[in-house]
Ligand SMILES: C[S@@+](CC[C@H](N)C(=O)[O-])C[C@H]1O[C@@H](n2cnc3c(N)ncnc32)[C@H](O)[C@@H]1O
């Protein structure tokens, strides 16, 4: 059963994100609009990415929070988007997503929250076709010493209010340690340090 807070979080998410979206919305659009084929949107949340997918793609949107998933229904707008109320590491997903079947995996602001990002990335490796793309927009631990300490101190409280999100993960390092190579990669700071890019595997 969804908790009261999860419902509230889903209701307010898009409003919380307005100023953040003003800064990263163009990146979402640029990296998503030309994707083709079968796409997995991981932790699709309230469906912020849906507007940027073109009408020809088939998207599997996986989201474990029912209130977030319900909010995303209104953003489908007739596109070929299949919603699944599952954790990305749920064994059941392996019945739906076959090995080497995906043209792209979209992971925006979600590796900060997934309980086992290591396992998720291993699954991404299995599911992507050779030359399949991993699209990343993620906030990561600051590279500034004082800010990094502050993020470490704030993290336990932040995690409670932000539904499991962590301020101090180095997911950029993890992604590359799994063998993903950047086709493009950028770092910038908008309050939080952001890592974005398009990655491919040597398969
Ligand atoms: C900050 S929101 C990002 C939503 C969306 N991707 C975006 O870019 O706006 C993080 C989402 O990841 C989802 N999430 C958390 N753990 C997950 C998991 N293990 N598998 C899939 N999604 C997960 C949360 O429920 C939440 O909707």
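Bear in mind that the values in this text are calculations on the coordinates, not laboratory data. Just so it is clear, the model here is predicted, and its values are computed rather than measured. Glycine gets a Cβ as well: all are built from the backbone with ideal geometry, and neighbour counts include every protein chain shown.
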For the chain, what's the relative contact order in percent, using C-alpha pairs closer than 8 Å and at least 6 residues apart?
-> 18
What nm distance separates the two modelled labels at residue 74 and residue 165, each placed 7 Å from Cα along Cα→Cβ?
-> 2.0
Cα gyration tensor, the chain - rounded (a/c under 1.5), prolate or oblate = rounded
Over the chain, the sum of -39500 (n - 2.57) across DSSP H runs of at least four, divided by residue number and rounded to 500 deg cm²/dmol, gives at 222 nm -11000 deg cm²/dmol
Calculated FRET value between residue 129 and residue 4, using beta carbons and R₀ = 45 Å, to 0.05 | 0.60
Quote to one decimal, in nm, the extra length available between residue 92 and residue 30 on full extension: 0.36 nm per residue of separation minus the C-alpha distance between them.
-> 19.1 nm
Sorted by packing (mean other beta-carbon atoms within 10 Å per residue), highest first, where do 73-81, 192-200 land?
-> 192-200, 73-81
Mind sorting 3, 101, 142, 65 by how few other Cβ atoms lie within 10 Å of their own Cβ, fewest first?
-> 3, 101, 142, 65
Shape call for segment 107-203 from the C-alpha gyration tensor, a ≥ b ≥ c root eigenvalues: rounded (a/c under 1.5), prolate (a/b greater than b/c) or oblate?
-> prolate
